[in-house]
Each structure stands twice: as C-alpha cells, then as structure tokens.
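All of the numbers you see were taken from the coordinates with simple rules; none came from a lab. Note that this is a predicted model, so its numbers are computed, not measured. Here the Cβ is made from the backbone with ideal geometry for all residues, glycine too, and neighbour counts use every protein chain on show.
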Amino acid sequence: MDMCFQKHLKSIASYYKDMADKQIEDFAIVFERNKEEIKEGIKTIKGTSGFCFEPILNEISKFGQLKRCVRMNGLSGSTYVFDLIVETKMGSIVVKINHGKLWLQDIIQFLTAAYDVSAFDWIIISYPTSNFDFSTYSKNIVEALDVDEAVEKLKGILYEKRESYNLQHNH
C-alpha cells in the first residue's frame with residue numbers, strides 16, 4: 001500500500017466509523033481502485049492513527065469531480081502522486097494536503113510537479129500549524145491551526161476561484 005493511499009485511508013477510517021457498501025463503492029471510484037482494495041486497505045490500517053482531512057475534501061468536492069492519490073506523468077517523463085485532483089470545466093487542479101508545518105522544499109517540489117503535469121491550478125493545505133509562513137505569499141496556500149480553520153480559509157479561496165473561473169456556485 002503506497003503512502004498516499006495509506007494516508008487517505010487513515011483519514012477516512014477516522015472520519016467514517018462504520019461504512020456502508022455504497023460508501024466503499026464511492027471511495028473505490030474516487031481512488032480509481034476496486035472495492036476489495038478499499039475494504040482490505042481499511043482493514044489493514046484499522047487501529048493506526050492518522051490525521052483526518054475529510055471535511056476539507058467535502059468542501060473541495062463542491063468545486064469539481066475528485067480523484068484521490070492520482071499518479072500522473074509529467075512532460076519531463078517523471079511520475080508524480082498527487083493527494084487530490086479536482087476536475088473542473090477549466091482543467092485539473094492538483095492539491096497537496098500536508099500534516100504539520102510546511103517547508104519551502106515541499107512547496108517547490110509540489111509546484112514543480114504541478115507545472116510538469118500542466119495542471120490548470122494548484123492548492124496546498126497545511127495543518128495543524130501555528131507558523132503561517134507561506135500563506136502570506138500565495139492565495140493558493142492554506143495554513144491553519146486545525147481542520148475547521150483550514151475549511152474556512154479554503155471556502156474563501158474556492159469562492160475567489162469560482163469567480164475568476166466564471167463557474168457556477170455549487171451549494
């Protein structure tokens with residue numbers, strides 16, 4: 001099980017205590033995997049701890065079609081794994097969800113990957129952190145104390161993006 005898939009399954013397991021078959025089917029679609037892989041993965045990570053970012057994904061899902069842990073090949077020939085891809089009418093938005101303090105090296109690596117795959121746009125979300133070092137440099141970077149603050153800041157960013165992309169609002 002790759003690290004991205006494991007991170008997302010831990011978030012799902014901590015947010016959804018008991019999952020129905022329909023939810024597992026929905027996750028299989030978003031991960032582009034089969035139901036058995038999702039069930040087995042959740043069984044494997046049961047009891048392990050992880051940080052929960054499902055409220056963030058719930059907010060982003062209002063913006064476009066989500067795919068989790070997506071592998072993409074860049075123009076350079078390199079392969080990248082993105083936490084999340086949001087498909088919009090304008091193009092793909094790549095998303096990085098970071099646990100804890102964000103480092104400049106992380107941003108540079110992520111932006112390199114985003115440009116190499118010709119992403120239409122990008123967003124980096126980092127929490128929990130009390131060091132808001134990078135969010136002052138770009139509206140596409142969210143740094144927050146907790147998941148609730150991250151969701152609130154993300155709402156503002158997504159609202160601005162809807163306006164600039166001339167997209168309809170999904171409520």
Check: Under 13 Å from the Cα of Lys101, which aspartates and glutamates turn up, not counting those fewer than eight places away in the same chain?
Finding: Asp133, Glu143, Asp146
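Taking each pair of different alpha-carbon atoms in the chain once, compute 1/r for the pair, average those values, and report the inverse of that mean as the Kirkwood hydrodynamic radius in Å to one decimal.
16.6
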Next item on the list: No other cysteine beta carbon under 4.7 Å away is the test; run it over the chain and list who passes.
Entry: Cys52
Margin query: Run the helix sum for the chain: -39,500 (n - 2.57) per DSSP H stretch of 4+ residues, divided by residue count, reported at 222 nm to the nearest 500 deg cm²/dmol.
Written below: -13500 deg cm²/dmol
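If the viscosity is 0.890 mPa s and the temperature 25 °C, what translational diffusion coefficient in µm²/s does Stokes-Einstein give for the range 3-45 when Rh comes from Kirkwood over Cα pairs?
Values: Rh = 10.1 Å.
The diffusion coefficient I find is 242 µm²/s.
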Margin query: As a footprinting exposure proxy, order Thr129, Thr88, Thr136, Thr79 by other Cβ within 10 Å, with the fewest listed first.
Written below: Thr136, Thr79, Thr88, Thr129
Notebook entry, point to check: Short version: ³J(HN,Hα) in whole Hz for each residue of the range 78-87, in order, from phi by Karplus 6.51 cos²θ - 1.76 cosθ + 1.60 (θ = phi - 60°), x for Gly and Pro, what are they?
Noted result: 6, 10, 10, 10, 9, 4, 8, 10, 10, 8
Note to self: How would Glu36, Glu59 line up from fewest to most surrounding beta-carbon atoms within 10 angstrom?
What the structure shows: Glu36, Glu59
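Placing +1 at every Lys and Arg Cβ and -1 at every Asp and Glu Cβ, with all other atoms neutral, what dipole size does the chain have around its Cα centre, in debye to the nearest 20?
Dipole about the Cα centre, nearest 20: 180 debye.
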Check: Under a point-charge model restricted to the Cβ atoms of Lys and Arg (+1) and Asp and Glu (-1), what is the dipole moment magnitude of the range 3-45 relative to its Cα centre, in debye to the nearest 20?
Finding: 220
Note to self: Given a 10 angstrom Cα cut-off, can you work out which residue in Lys46, Lys153, Lys17 is the most mobile in a GNM of the chain?
What the structure shows: Lys17
